[in-house]
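Everything below concerns the one structure shown next.
The values are calculated or read from the model by the stated rules, or taken from the named source; none is laboratory data. Predicted model only: the values in this text are computed from it and were never measured. Virtual Cβ from ideal backbone geometry, glycine too; neighbours counted across all protein chains shown.
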């Protein structure tokens, strides 16, 4: 999964994006990288709008409102139980990827009127 995410310059990837039915996500952003198996999120903090794109919807981006903080629980790649407290970009990426596992795309959450085509080299895919 990491290889596919990195080849497409994504910040995260959910297993079902590559045809795998397991509940697994991976991410790699400046401040953090990792994997979660069977992730459960608890949103916290305030909400804020931010730009999102997606490897599953290439060439499109829009504003999505997300919680500014989340607590993520699950298993790491070694099977150990972990709890991650995230804010900022990591919180956004975790929410975006868990949405994929639940069958929700960013276009389902995009703020009306903000979804626009953008050149592929300008999309920050999550």
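Candidates in region 99-126 are the residues that are at pLDDT below 95 and in a helix (DSSP H, G or I); of these, the one that is surrounded by the most Cβ atoms within 10 Å (Cβ to Cβ) is 120. When we screen 21, 35 for residues that are surrounded by fewer than 14 Cβ atoms within 10 Å (Cβ to Cβ) and at negative phi, the only hit is 21.
Taking the stated definitions as given, is residue 10 in a loop (DSSP other than H, G, I, E, B), within 17 Å of residue 106 (Cα to Cα) and in contact with a strand residue (DSSP E or B) (Cβ under 6 Å, 6 or more places away or on another chain)? Taking the combined requirement at face value, the residue satisfies it. Take the residues in region 3-18 that are out of contact with any helix residue (DSSP H, G or I) (no Cβ under 7 Å at 6 or more places or on another chain) and surrounded by 14 or more Cβ atoms within 10 Å (Cβ to Cβ); name whichever of them is farthest from residue 58 (Cα to Cα). So, considering only residues that are out of contact with any helix residue (DSSP H, G or I) (no Cβ under 7 Å at 6 or more places or on another chain) and surrounded by 14 or more Cβ atoms within 10 Å (Cβ to Cβ), the one farthest from residue 58 (Cα to Cα) is 15. Could you tell me whether region 39-46 includes any residue that is buried (at least 16 other Cβ atoms within 10 Å of the Cβ) and in contact (Cβ under 8 Å) with a residue 12 or more places away in the chain? Within region 39-46, one or more residues are buried (at least 16 other Cβ atoms within 10 Å of the Cβ) and in contact (Cβ under 8 Å) with a residue 12 or more places away in the chain.
Selection within region 21-58: residues that are part of a loop (DSSP other than H, G, I, E, B) and more than 14 Å from residue 77 (Cβ to Cβ). The member of this set that is modelled with the highest pLDDT is 21. The lone criterion from (1) exposed (fewer than 14 other Cβ atoms within 10 Å of the Cβ); (2) free of Cβ contacts under 8 Å to residues at least 60 places away in the same chain left unmet by residue 49 is number (2).
Taking the stated definitions as given, is residue 16 at pLDDT 95 or above and in a helix (DSSP H, G or I)?
yes
When residues in region 61-75 are screened for being closer than 20 Å to residue 17 by Cβ and surrounded by fewer than 18 Cβ atoms within 10 Å (Cβ to Cβ), 1 of them pass. Only residues that are part of a strand (DSSP E or B), under 23 Å from residue 48 (Cβ atoms) and touching a residue at least 40 places away in the same chain (Cβ under 8 Å) were counted across region 67-98, and they come to 3.
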